[in-house]
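The values are calculated or read from the model by the stated rules, or taken from the named source; none is laboratory data. All values derive from a computational prediction rather than experimental measurement. Here the Cβ positions follow ideal geometry from the backbone for every residue, glycine too, while neighbour counts run over all protein chains shown.
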Amino acid sequence: MVGTQCRILYQDAMGRMNIALKFNEMVRNGEIGPVILGRDHHDTGGTDAPFRETSNIKDGSNIMAEMATQCYAGNAARGMSYIALHNGGGTGIGRAINGGFGMVLDGSERVDTILRMAMPWDTMVGVARRSWARNENAMATAAEYNRLNAGTDHITMPYVADDELVAEAVRGMKA
């Protein structure tokens, strides 16, 4: 069970960033006190769980644990207040690796900078991973992200081989 919708913020990467920036602005303006934003393991990039979150990654890497680790390391490098890398996440010990974060919103411009770097990363790392596995929706989402963020951020797109060219090469090997 994920929990109630009032507990969970269902938003895309840029929506999350904008909401976090607004909360930080409200702290800065004295409208609210400091806030801690957090995300545990339920997200596109936060979990490697071949029986649940990454079960639809069809290139064989669904059994790897690199995505949650990249998410964890990227959140650390971008300055999140605290980060977590842990095991289980509702699937049982040994069945998932999870990366999460927490960010203290203190109203500072420093936190605005961290939010602009870290919040999109935290979600888009999972979109990128699925794009590299040749998921068509993820590739389209990554391409749109690249278009909207040209010059400031970029997801490396996969090289998709021409199926006919591959088939022809294989037929040539049989000869």
Checklist line | Single unsatisfied condition, Asn29 versus (1) surrounded by fewer than 21 Cβ atoms within 10 Å (Cβ to Cβ); (2) under 18 Å from the mean Cα position of the chain (by Cα); (3) of a type outside the set (Val, Ile, Thr); (4) over 21 Å from Gly92 (Cβ atoms) | finding: (2)
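For segment 53-77, enumerate the residues that are among the charged types (D, E, K, R) and either over 15 Å from Gly100 (Cβ atoms) or loosely packed, with under 12 Cβ neighbours inside 10 Å (or both). Explain how you work it out, then say what you get.
So the first thing to find is which residues in segment 53-77 are among the charged types (D, E, K, R), and the list is 53, 58-59, 66.
Lys58, Asp59, Glu66, listed by residue number.
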Next item on the list: Determine which member of the set Arg147, Arg134 is in contact (Cβ under 8 Å) with a residue 12 or more places away in the chain and either of a type outside the set (Phe, Trp, Tyr) or in a helix (DSSP H, G or I) (or both).
Entry: Arg134
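When residues of segment 69-116 are filtered for being modelled with pLDDT of 85 or more, within 16 Å of the chain's Cα centre (by Cα) and not in a loop (DSSP other than H, G, I, E, B), how many remain?
The qualifying residues number 18.
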Notebook entry, point to check: For segment 90-107, how many residues meet the condition of being surrounded by 17 or more Cβ atoms within 10 Å (Cβ to Cβ) and under 12 Å from Arg39 (Cβ atoms)?
Noted result: 5
Notebook entry, point to check: For segment 150-175, which residues satisfy the criterion of being under 17 Å from Ala133 (Cβ atoms) and outside any helix (DSSP H, G or I)?
Noted result: Ile155, Thr156, Met157, Pro158, Tyr159, Val160, Ala161
Notebook entry, point to check: Across segment 49-91, what is the number of residues that are touching a Phe, Trp or Tyr at 6+ places or on another chain (Cβ under 6 Å) and free of Cβ contacts under 8 Å to residues at least 24 places away in the same chain?
Noted result: 2
